[in-house]
Amino acid sequence: MKEEKEQKFIEDLNGEDMLGIVVRGHIHVESQLEHLLETLVPYPQYLKELNLDYAGKVHVAVAMGLRPEYAAPLKTLGSIRNRFAHRLDTDLSRNDTKNLYRELHSNDKNIVQQTYERIKTQLAPSKNKKFKDLTPKEQFILLVVTLRAMLLAAASEAKK
């Protein structure tokens, strides 16, 4: 079931234009961040009263136990999304994906590479492509899928 949801998520993102990819990807990541917060906080109904923006949710999640190294890539994703939300002429550049990838901890970069090996036929029909050779769109999708999966894993760990 988990893999089917991931596959559907990737298919949905692949069908979008750049604005759709960034906004929809961010929505999915933020949804998982909210789920994590609901898992970490004893009385999650009170979180809504705080009216936290995305960055605030990232900070509270880290304060409650999310690994601190997740904060930088999550914030970078938020910055990319904000740029798309406020400027009509915005496009996703190789620099955007390079910056997002650079913010990942080295262990998480390995997870990106492993995720790519698992899903590369969905992203790049040419099986010989390396991550660095993917288009910014393909790289961004992979990075968003990985960030979402890291938050899912953190929520799963928090439940234990």
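Test LEU104 against the criterion of being out of contact with any Asp or Glu (no Cβ under 7 Å at 6 or more places or on another chain), modelled with pLDDT under 95, buried (at least 19 other Cβ atoms within 10 Å of the Cβ) and not in a helix (DSSP H, G or I), and give yes or no.
no
Among the residues of the stretch 57-95, which ones are under 16 Å from the mean Cα position of the chain (by Cα), surrounded by 15 or more Cβ atoms within 10 Å (Cβ to Cβ) and part of a loop (DSSP other than H, G, I, E, B)?
Those that are under 16 Å from the mean Cα position of the chain (by Cα), surrounded by 15 or more Cβ atoms within 10 Å (Cβ to Cβ) and part of a loop (DSSP other than H, G, I, E, B): LEU66, LEU92.
Taking the stated definitions as given, is ASP96 at negative phi, of a type outside the set (Gly, Ala, Ser) and free of Cβ contacts under 8 Å to residues at least 12 places away in the same chain?
No: the conditions fail for ASP96.
Any idea which residue in the stretch 107-160 is surrounded by the most Cβ atoms within 10 Å (Cβ to Cβ), counting only those that are at pLDDT 85 or above and part of a loop (DSSP other than H, G, I, E, B)?
Taking the candidates together, the pick is LEU134.
So which residues in the stretch 7-52 are under 14 Å from ALA149 (Cα atoms) and of a type in the set (Phe, Trp, Tyr)?
Within the stretch 7-52, PHE9 is the sole residue that qualifies.
Are there any pairs, at least 6 apart or on different chains, whose C-beta atoms fall under 6 Å, with the first in the stretch 132-160 and basic (Lys, Arg) and the second modelled with pLDDT of 90 or more and surrounded by 20 or more Cβ atoms within 10 Å (Cβ to Cβ), and if so, which?
ARG148/VAL29
The values are calculated or read from the model by the stated rules, or taken from the named source; none is laboratory data. These figures come from a predicted structure and were not determined experimentally. Heads up, the Cβs are rebuilt from the backbone with ideal geometry, glycines too, and the neighbour counts pull from every protein chain shown.
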